[in-house]
Every structure is written in structure tokens, then in C-alpha cells.
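Notes to accompany the following structure.
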Amino acid sequence: MKKLYKIAYSLGALGSAISYQAFSTYFYFFYVDVMKLSVTLASIGMIVYGIWNALNDPLAGYLSDRTRTKLGRRKPYILFGFIPMALSFIIIWTPPKGIIGEALLFFAYYTFVINLFDTMYTFVILNWTSLFPEMFSELNERAEVSAYRQMFGVIGLIFGIAAPPLIYSTLGWLWMGVFIAVVTAITMYISLFGVHEKEEFRLDKPLNIKDALIATFHNKSFMTYISGNLGIELTYLLLTASTPFYTKYVLKIGDFETSLFFLTAFLFAIPMLYVWRKITIKYGVKKAYMLCIGAFGITLLPAFFAFDFVSGIIVAALIGMGTFWIIITS
């Protein structure tokens, strides 16, 4: 496959990262702090979201594996799903004025839109991700495309977390949603030009859901890894979702300074990728991953003692140095 097509496919990592990171970092803050949805109702909505999130991944995989069309089994979900995914992201930030203040109606809207976006995101991105091992089976080619995906993913990660406060503080939450949705839609559309499904995978007979679950739960190495990774993912998601509250109410800084807080974390994280890569080469992925987890925990401790912008920037720098490799490798 030509390099241009490899880059086109990999660009989907930017759309995937920017939309998901903006969503997971700011939607809870938006509804609780800005829209004044009660914490109790917001938390119940999160429980519903968590349950559905656990169910829709295997559901999307099950349906995708059994899809047979002239376009393939993965591509149709991306082609016909990326615009609904972008639109579902926009409506998160545009609740109808008539239901704001109506507790139960507003709760229902909140629960519906976050689950709608998660569903559309899952069906599009799960299929886009599944194409990677199917299209690139050779080690050198896979390493090349993985590097492109990682580069675009990091760009999306940075903009998805650091840019929203600058946008919503000047243009409003709606335009923040529109901006990120447009970037997501464009990059996912371009990625389609790099998609080429191989015939042998189209003809694969997938496991039924019962056998797939049995095979998964009997894989001890996978279950051990996924159990530990669950705690890491939970910590990371709690960290990103709580940071807008932390910067506003603990550090007492504004939206612009919040963007600087996140940018500082990334500015210190990116050079450390080289260090963590060297550690990985020397000690192996497993040991490096465990060292990074330890560093992650240690660098979070100073956050308890930060009280203003300067001390917050120091905390952001430390977190960036110890955290980013986990995000890239998990």
C-alpha cells in the first residue's frame, strides 16, 4: 500500500482522539457545573452510561463480524456512521432551553445524548481500529502505520483536552462542539481513502458470542492484564473528568489558565516519551509499564498541596512526565 494511503487511514486517530478526549474531559463538568444538573442525577446517568458502554462494544463487534456487503464488513460502519457520530457530539453541548431546570427531563436528555454519542463512536471507531491488523499484516508495515496513528493520536489528544477551554470561553460551548465535530468528521472521512479490506477477512467465519466469551475468559494472560488496566483507565478517566473542577475550585484559575495547565502537562510529557521509550527497550514493555504506573501514582501526590496557578503548573508538569506513556501504550 502506498504511503499516502497509510497516512490517510492513520488520520482517523486524530478524529478518534480529539472527540473522545473532549467528551470524557468536559461533558460531566458542562452538565454539573455549567448546566447545574444535580450531581446525584449526573452520577446515575454515568452508571447507565457505564453499563451501556460495557455492552455496546461486544454488540458492535458481533454485528460488524457478521456484516457482508460489497463495501466490506467494516467500511460501511465508518462511511455511514462518521457524520451521525459528529452530530451526536454537537448535541451534547446544545441541550434544549425548555428542559433546562426540569430535573427529570434534563436528566433524561443528558443520559440519552452521552449514550448516543458513545454508541456512534463505538460503531465507527471500533471498525476503524479493527481494520489495522487486517490491512497491515507485515511487521514493518504495521510498525510504520502504528507510528502514524500514534502521531495523529497525540495531536488529537492534546487538542481534545487543551483547546476546549479556549474555544468555549470565547465562542461558547456550542461552537466548541461544532469545531471538534467538524475536525472529527473530516479526519474520519479522509481515513476512508486509506481503507482496503482484504477478501480473506471478509470470508472469515466469526465465533458465536458464547464461544467468543468463553475464549476470552479462559485467556488468563489477557484477563490479568485487563484487570490491572481497568484500574489505570478508571484513574485516568477520573483524573481528566475532575481536572476542570480542580482548576476552577482548588487552583481558582480561569479557562485560559486551565488550557495552560493541560498544555504544560503535554509539553513535559512529549520529551519524556523518548525517556520512557529507552526504558522500554532496556527493560521490556512489562517492566517499563509497571515503572510508569508507579511514576504515575507518585506524580499525582503533589496535587494535594497545590493551591494556585504556579503550584498547579508544577503539578501539571510532574503529571505529564509520569503519565503520558501509559496513555500511549495502554
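The values are calculated or read from the model by the stated rules, or taken from the named source; none is laboratory data. The structure presented is a predicted model; accordingly, all values stated were derived computationally and were not measured. Note: ideal-geometry Cβ built from the backbone for every residue, glycine included; neighbour counts use all protein chains shown.
If you go through the range 164-191 and keep only what is assigned to a helix (DSSP H, G or I), without any contact (Cβ under 8 Å) to a residue 24 or more places away in the chain and over 25 Å from ILE78 (Cβ atoms), you end up with ILE167, THR170, TRP175.
Can you go through GLY297, GLY254 and tell me which one is farther than 29 Å from VAL34 by Cα and either in contact (Cβ under 8 Å) with a residue 40 or more places away in the chain or surrounded by fewer than 16 Cβ atoms within 10 Å (Cβ to Cβ) (or both)?
Among GLY297, GLY254, only GLY297 is farther than 29 Å from VAL34 by Cα and either in contact (Cβ under 8 Å) with a residue 40 or more places away in the chain or surrounded by fewer than 16 Cβ atoms within 10 Å (Cβ to Cβ) (or both).
If only residues of the range 15-66 that are among the aliphatic types (A, V, I, L, M) and touching a Leu at 6+ places or on another chain (Cβ under 7 Å) are counted, the one that is modelled with the highest pLDDT is ALA17. Within the range 28-37, the presence of at least one residue that is of a type in the set (Ser, Thr, Tyr), part of a helix (DSSP H, G or I), over 22 Å from LEU126 (Cβ atoms) and in the same structural domain as PRO164 (by TED's automatic domain parsing) is confirmed. Contact map, the range 1-17: residues that are assigned by TED's automatic domain parsing to the domain that holds MET120 and within 8 Å of GLY194 (Cα to Cα) paired with residues that are among the polar types (S, T, N, Q) and buried (at least 20 other Cβ atoms within 10 Å of the Cβ), Cβ distance under 7 Å, separation 6+ or inter-chain. Pairs shown: ALA8/SER191; TYR9/SER191.
Of the candidates ILE44, ILE92, ILE99, the single residue that is exposed (fewer than 15 other Cβ atoms within 10 Å of the Cβ), among the aliphatic types (A, V, I, L, M) and farther than 30 Å from GLU138 by Cβ is ILE44.
Residue under question is SER242, and the condition is that it be at pLDDT 85 or above, among the polar types (S, T, N, Q), crowded, with 18+ Cβ neighbours inside 10 Å and under 24 Å from SER24 (Cα atoms); does it hold? So SER242 does not fit the description; no.
Quick one: which of LEU273, LEU234 is within 18 Å of the chain's Cα centre (by Cα), modelled with pLDDT of 75 or more, surrounded by fewer than 18 Cβ atoms within 10 Å (Cβ to Cβ) and over 17 Å from ILE314 (Cα atoms)? Explain how you work it out, then say what you get.
On the way: LEU273 fails: within 18 Å of the chain's Cα centre (by Cα).
From the options LEU273, LEU234, the qualifying one is LEU234.
The rows are residues; the columns are (1) within 18 Å of the chain's Cα centre (by Cα); (2) closer than 19 Å to LEU11 by Cβ; (3) of a type in the set (Ser, Thr, Tyr).
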{"position": "ILE51", "(1), (2), (3)": "yes, no, no"}
{"position": "LEU59", "(1), (2), (3)": "no, no, no"}
{"position": "THR69", "(1), (2), (3)": "no, no, yes"}
{"position": "LYS75", "(1), (2), (3)": "no, yes, no"}
{"position": "ILE92", "(1), (2), (3)": "yes, no, no"}
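List the helices (runs of 4 or more DSSP H) that sit entirely inside the range 251-330 and contain at least 2 residues that are under 27 Å from ILE167 (Cα atoms). First the steps, then the outcome.
Numbers: elements: 255-283, 285-300, 309-329.
By residue number, 255-283, 309-329.
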